[in-house]
Structure formats: structure tokens, C-alpha cells
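Data first, discussion second: the structure below is written as C-alpha cells.
The values are calculated or read from the model by the stated rules, or taken from the named source; none is laboratory data. Every value quoted in this text rests on a predicted model; they were computed, and no experiment measured them. All Cβ positions, even for glycine, are placed from backbone atoms using ideal geometry, and neighbour counts span all protein chains on display.
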Amino acid sequence: MAEVDIDDISIIRFIISRHRFDPQTNHFRWMPEIAFNQKREWRRYLNKSSKELEKRRQHGAAHHKEHITGYVLDVDNIKNNDLLLGPRQRLIFILFRRKKFLPGYESGWSEYKALYPEG
């Protein structure tokens, strides 16, 4: 497989992220899992991981909040978006439409309530 560094901003990256439980923060969050430089390998890995997750769900071994997704980070995205927040914001908007969150914070809502208790 043509795996690449997730943080390498000099190339186009096809990234797989998984929404899973993080024991350090004690909540579910989106975590980048792996990055590829070829779309074919990215799709193959995404399909394989989706099938594995579905099998785990059928056997009751996966939490209902666990999900997997793939997205593309282009070199132009890095130039136009500070700290990769653009793609992350779009992904969160699609998934959580009406929830408020703070970009750059992993759990979002708890930090938002701490900073803006009246809102």
C-alpha cells in the first residue's frame, strides 16, 4: 500500500478517519487513521474497513456511534485553510448540522459551553 504521512502538506492525501471512543478524553471523536497518496488504494481500504465495521456491528462488537469516512486533502486546501480546519469544519457541519462547535477543539461542545456558558 502507498501509505503516506497524514501531516505531509506537500502532496494530495486521501485520508481515512474513524469516529471512535477515545479513552484519554472519555468521549467519541473523529480520529485520522491512515492516509494514502493513491485513490484506488484509499477506496480499497475504505471498502474493506466499512465491511469489517458492518460485521462487527452485526455481531454486537461495535458501538452504534462508531463510523468510518474518507476525504481528500489537496495541496490547495492547505494554502486556503489555516491548520487544516476547512475540511474538518465541512465534515463536522455535514455530520452535526445544527450543533455548535469550536474549530480546533476535539470535543467541541464541552469547550464551547465552558467558554460561552450563556450561549
Looking at the range 18-45 only, could you name the residues that are surrounded by fewer than 17 Cβ atoms within 10 Å (Cβ to Cβ) and in a helix (DSSP H, G or I)?
Lys39, Arg40, Glu41, Arg43, Arg44
Being in contact with a strand residue (DSSP E or B) (Cβ under 6 Å, 6 or more places away or on another chain) and at pLDDT below 60 narrows Glu111, Glu106, Glu33 down to just Glu106
Flag if Ile6 is in a strand (DSSP E or B), among the hydrophobic types (A, V, I, L, M, F, W, C) and surrounded by 13 or more Cβ atoms within 10 Å (Cβ to Cβ):
no
Hey, Glu118 hits all of (1) of a type in the set (Asp, Glu); (2) assigned to a loop (DSSP other than H, G, I, E, B); (3) at pLDDT 90 or above but one; which does it fall short on?
(3)
Single condition Ile15 does not satisfy, out of (1) touching a Gly at 6+ places or on another chain (Cβ under 8 Å); (2) assigned to a helix (DSSP H, G or I); (3) modelled with pLDDT of 80 or more; (4) crowded, with 16+ Cβ neighbours inside 10 Å
(2)
Residues located in the range 59-70, provided they are in contact (Cβ under 8 Å) with a residue 24 or more places away in the chain and in a loop (DSSP other than H, G, I, E, B)
His63, Lys65, Glu66
Being loosely packed, with under 12 Cβ neighbours inside 10 Å and among the aliphatic types (A, V, I, L, M) is the filter here, so list the residues in the range 46-68 that pass it.
Ala61
Which pairs have Cβ atoms under 9 Å, sit 6 or more apart or on different chains, and link a residue in the range 33-58 that is within 23 Å of Ile11 (Cβ to Cβ) and in contact (Cβ under 8 Å) with a residue 40 or more places away in the chain to one that is aliphatic (A, V, I, L, M) and assigned to a loop (DSSP other than H, G, I, E, B)?
Glu41/Met1; Glu41/Ala2; Tyr45/Met1
Which condition number in (1) more than 17 Å from the chain's Cα centre (by Cα); (2) farther than 19 Å from Val4 by Cα; (3) touching a residue at least 40 places away in the same chain (Cβ under 8 Å) is the one that His27 fails?
(1)
